[in-house]
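The values are calculated or read from the model by the stated rules, or taken from the named source; none is laboratory data. All values reported here derive from a predicted model rather than from experimental measurement. Positions of Cβ are generated from backbone atoms using ideal geometry, with glycine treated the same way; all protein chains shown enter the neighbour counts. Side chains included, ligands, DNA and RNA excluded: accessible areas come from the protein's heavy atoms. Shrake-Rupley method; radii C 1.70, N 1.55, O 1.52, S 1.80 Å.
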Amino acid sequence: MAHPQPQEQEVESPKISAYDAYFETVQSRKKLPGPLQENLTFAFSKVPVSAFQGVPGGKVIEIGADTCIADAVKVLSQHHILSAPVRNPEAEANADWSDKYLGIVDYSAILLWVLETCGLSPSVCSATVAGVGGAGAMGAIGAVALGVTGPAAVAGLAAAAVCSAVAGTALGKIGTAAEKGEGKDSPTGANNLSEDFDSIILQDEHFKSTTVRSILKSFRWAPFLPVGTDSSMLSVMLLLSKYRMRNVPVIEPGQPNIKNFITQSAVVHGLEGCKGMEWFDCIAAKRISDLGLPFMVSNEVISANINDPILEAFMKMRENEVGGLPVVEGTKKKIVGNVSISDIRYSLLKPELFSNFRNLSVKDFMSAISKNQGKAMSPITCNHQSSLGYVIETLASKSVHRIYVVDGEECQVVGVITLRDVISCFISEPPNHFDAYLGFAVKQIMKH
């Protein structure tokens, strides 16, 4: 863990209380056998962050805080990435990370800023981005989770190292300044999206003169908190689940530079890569209902009616800090589609949508996007009989951030399972786990 200096005790943040409430609810609804849960948590605590697949080439792309929006888009495009840490140009070379980095900027933040600048809606929450990840660090927990010791455990860790190398090749880049968007929930190609921005949106002088620094905090609702390479994967997974961070920057102890990013998507990809390992298969084979999933029950699911204004749907996302909503119709809430924050880009780049955005219904918006993509916006679903392995494989293979749980022939939405939920399913928080770190984290989180 990247240990900051001890801080004076802070008044508990409402956000921290919300994080505690979420995790307490998850733990109360989980049905994973107690001993197995404890073994998994212990095992993840013994896997160092340094075991997670690193940045190809060993360099994280950064963007200066005084870079204009148009140039920031070009940087993201040139490196085929969707987000990057923002560097403070006024910080000294040997400055601490808290002085050197101001946050993270991504396409979703830029999309939302453009939308608000155009006067279409209040700012809405930043979308999560999908990506690809590595399985190596996850494989290392197998022997420990099942209580294996001695030579067998050593062999398991050795196999995990091989798995890591293979995963790094097969799954592509992870832990880069951002992850490539490959799924329904996320921009599907940073280079193509930025070309549209550059040619249609960002030619305006206002966009060329506005800096990344000026939009950073307004369009970011997750804290920027790094961990050290000597931290545990348990700490990372808790930050990605309980504390709702979308990515966790990794720094070398004693060094201010970011070495890696670990995202929710990357962790779930890592879990999916553990298929075939006994510890994973025994959990993945269980039905989601046997594990207490979905943690969000039917009356807690936030949805958009197909006849609602699309602007209202985006405002719901902002108010509830979610990146997507199921689209339903009828009194039984039959699921007919999905809309996500990243879909905003279509309204910005299509004149017929942009000019009538305030009056556009969800149905018309989905129809226009389907026409543009050449295929229907089919929702990704499962049911209570689906296995956890199926859910993980679907989330990983389709690079999406949520899967909707439906019931009956009417396909009524009765729950949603997010990347955050999947990660939470595998871990619990040991007593006082973050005591040496959370005092500082609370202060950072309260700023957002």
Relative packing of peptides 297-303, 326-332 - highest average C-beta neighbours within 10 Å first: 326-332, 297-303
Carbon/sulfur fraction of accessible area - the stretch 21-105, other protein chains in place, 1.4 Å, %: 49 percent
Subset of 31/334; 242/363; 286/363 violating a 31 Å alpha-carbon distance limit: 242/363; 286/363
Alpha-carbon centroid distance for the pair the stretch 21-98 / the stretch 397-423, whole angstrom: 24 Å
Neighbourhood charge, 11 Å Cβ-Cβ cut-off, centred on residue 407 and excluding it, Lys, Arg +1 and Asp, Glu -1: +1
GluC sites (Glu not before Pro) within the stretch 47-113, DSSP loop, no more than 12 other Cβ atoms inside 10 Å: 90, 92
